[in-house]
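K.L.:
I'd like to ask you about the structure that follows.
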Amino acid sequence: MAIDPQILAYYQRMAEQYAGQPVPVDASARRARFDEVAAQSLIDDPAGMGVTDIALEPGAASLPVRLFRPAEVARPRLIVYFHGGGWVVGSPRTHHTVAALLAEDTGCAVASVDYRLAPEHAFPAPCDDAINAVRALAAMREALDVDPDFLAVAGDSAGGHLAALAAREVNAAAGAPVVNAQLLIYPVTAPVLTTESYRAFADGPGLTRDEMAWFWTQFIGADALTRGPETTDPRIHLMATAPSQLPPASVVLVAANDVLRDDGLAYADFLVRHDAMVVTIEASGMTHGFARLQPDAPRAREWMRRAAQAFVGIFDDA
């Protein structure tokens, strides 16, 4: 499937910029490179967007949160956002523009969570942080002056995995839909690297099969990845067991040219089989990570607008 020319031009620029430089091999070096690359796709916040940094104190870890709030909305609904980066790299800083544009496009407040990263904080630490953050922010809705009767989660890539997990776990513990809706952007959903999309896009661009295997290994370990298709832990394999309390409504956005395309499509089917309302969007011409590339590629921006519109459209049914 053809890749958007401006996405291809972006990857060509990156290849030229880093030509001859060593490929980062450990987590620290990968974080530094990702921070440097991501900074080039950050833009000024939309007009009227309020941005504040707060801290949560749920459980054992203090979690910084960056809160984006559209000025024109008196009591906006709240979306809890988890950034991508393979559970190893990334932060609310690298995904600042993604969260700001999501707040603008939905008219919601967006709380972008700075969860702990592997391998220093491997599984289940990022999962625990995601669950604790959603619970804490749900309890803070009155204090934050947002709609107290609605909560959504969202995330891209590994952040999509954490968003889906947190939504399900928080709802299951409450026995009711505390999380009303979720937006999953090219989510990781299972440690299975043998799907058709993994074969078709094994060498990228955007994300390769080998890179995804490395991220999974940092997160759960090599032995657990080897057992991946057979794992019964739903915190790792989101489709391993039947859920008890899914969010009532979901939007699942996948990139057509992405190793994780089939992860997202399989999870959308899983949600439908368990009676959730699902809108599935396959973004033609896009590759993994296109949410961060909205300033670089107008079609990436348009796909994210469409997903946001679909997300808002399901709120009243959630």
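The values are calculated or read from the model by the stated rules, or taken from the named source; none is laboratory data. Remember, predicted model here, so these are calculated numbers, not experimental data. Here the Cβ positions follow ideal geometry from the backbone for every residue, glycine too, while neighbour counts run over all protein chains shown.
K.L.:
Evaluate the following for residue 2: is it in contact (Cβ under 8 Å) with a residue 60 or more places away in the chain, among the small types (Gly, Ala, Ser) and loosely packed, with under 11 Cβ neighbours inside 10 Å?
P.N.:
Yes, satisfied.
K.L.:
A further question on this structure: Exactly one of these conditions fails for residue 87: (1) in contact (Cβ under 8 Å) with a residue 24 or more places away in the chain; (2) on the phi < 0 side of the Ramachandran plot; (3) not polar (S, T, N, Q). Give me its number.
P.N.:
Answer for residue 87: the failing condition is (2).
K.L.:
Can you tell me which of (1) free of Cβ contacts under 8 Å to residues at least 40 places away in the same chain; (2) under 23 Å from residue 104 (Cβ atoms); (3) of a type in the set (S, T, N, Q) is the one residue 294 doesn't meet?
P.N.:
Unmet condition: (1).
K.L.:
Moving on to the next point. Taking the conditions exactly as written (closer than 27 Å to residue 74 by Cα, of a type in the set (A, V, I, L, M) and in a loop (DSSP other than H, G, I, E, B)), does residue 146 satisfy them or not?
P.N.:
Yes; evaluated as a whole, the condition is true for this residue.
K.L.:
Which of the residues that make up the range 225-250 are within 14 Å of residue 193 (Cα to Cα) and either of a type in the set (Lys, Arg) or without any contact (Cβ under 8 Å) to a residue 60 or more places away in the chain (or both)?
P.N.:
Those that are within 14 Å of residue 193 (Cα to Cα) and either of a type in the set (Lys, Arg) or without any contact (Cβ under 8 Å) to a residue 60 or more places away in the chain (or both): 225, 226, 227, 228, 229, 230, 231, 237.
K.L.:
Right, something else. Collect the residues in the range 29-50 that are farther than 22 Å from residue 89 by Cβ and surrounded by 14 or more Cβ atoms within 10 Å (Cβ to Cβ), keeping them in residue-number order.
P.N.:
Correct list: 45, 46, 49.
K.L.:
Within the range 122-164, which residues are touching an Asp or Glu at 6+ places or on another chain (Cβ under 8 Å) and either of a type in the set (Phe, Trp, Tyr) or without any contact (Cβ under 8 Å) to a residue 12 or more places away in the chain (or both)?
P.N.:
Scanning the range 122-164 gives a single hit, 148.
K.L.:
Which of the residues belonging to the range 254-280 are more than 17 Å from residue 306 (Cα to Cα) and touching a helix residue (DSSP H, G or I) at 6+ places or on another chain (Cβ under 6 Å)?
P.N.:
Answer for the range 254-280, where residues must be more than 17 Å from residue 306 (Cα to Cα) and touching a helix residue (DSSP H, G or I) at 6+ places or on another chain (Cβ under 6 Å): 259, 261, 262.
K.L.:
Let me ask something else about it. Given the conditions (1) within 27 Å of residue 120 (Cα to Cα); (2) free of Cβ contacts under 8 Å to residues at least 24 places away in the same chain; (3) out of contact with any strand residue (DSSP E or B) (no Cβ under 7 Å at 6 or more places or on another chain), which single one is not true for residue 62?
P.N.:
For residue 62, the failing item is (3).
K.L.:
Looking at residue 317 and the list (1) at pLDDT 95 or above; (2) over 17 Å from the mean Cα position of the chain (by Cα), which single condition is not satisfied?
P.N.:
(1)
K.L.:
Please work out if residue 289 is touching a His at 6+ places or on another chain (Cβ under 8 Å) and not hydrophobic (A, V, I, L, M, F, W, C).
P.N.:
No, not satisfied.
K.L.:
Does residue 3 satisfy the condition of being in a loop (DSSP other than H, G, I, E, B) and under 15 Å from residue 297 (Cα atoms)?
P.N.:
Spelling it out, residue 3 is indeed in a loop (DSSP other than H, G, I, E, B) and under 15 Å from residue 297 (Cα atoms).
K.L.:
Can you name the residue in the range 51-96 that is buried (at least 22 other Cβ atoms within 10 Å of the Cβ) and hydroxyl-bearing (Ser, Thr, Tyr) and is also farthest from the chain's Cα centre (by Cα) among such residues?
P.N.:
94
So that you can scan it fast, the table gives a plain yes or no per residue for (1) within 20 Å of residue 164 (Cβ to Cβ); (2) touching a Leu at 6+ places or on another chain (Cβ under 8 Å); (3) of a type outside the set (Ser, Thr, Tyr):
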residue: 93; (1), (2), (3): no, no, yes
residue: 97; (1), (2), (3): no, yes, no
residue: 104; (1), (2), (3): no, no, yes
residue: 107; (1), (2), (3): no, no, yes
residue: 113; (1), (2), (3): yes, yes, yes
residue: 122; (1), (2), (3): yes, no, yes
residue: 127; (1), (2), (3): yes, yes, yes
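K.L.:
Please count how many residues of the range 167-202 are touching an Asp or Glu at 6+ places or on another chain (Cβ under 9 Å), assigned to a helix (DSSP H, G or I) and buried (at least 18 other Cβ atoms within 10 Å of the Cβ).
P.N.:
The number of residues fulfilling the criteria is 2.
K.L.:
Would you mind telling me which numbered condition in (1) in contact with a strand residue (DSSP E or B) (Cβ under 8 Å, 6 or more places away or on another chain); (2) modelled with pLDDT of 95 or more residue 239 fails?
P.N.:
Only one criterion in (1) in contact with a strand residue (DSSP E or B) (Cβ under 8 Å, 6 or more places away or on another chain); (2) modelled with pLDDT of 95 or more is unmet by residue 239, namely (1).
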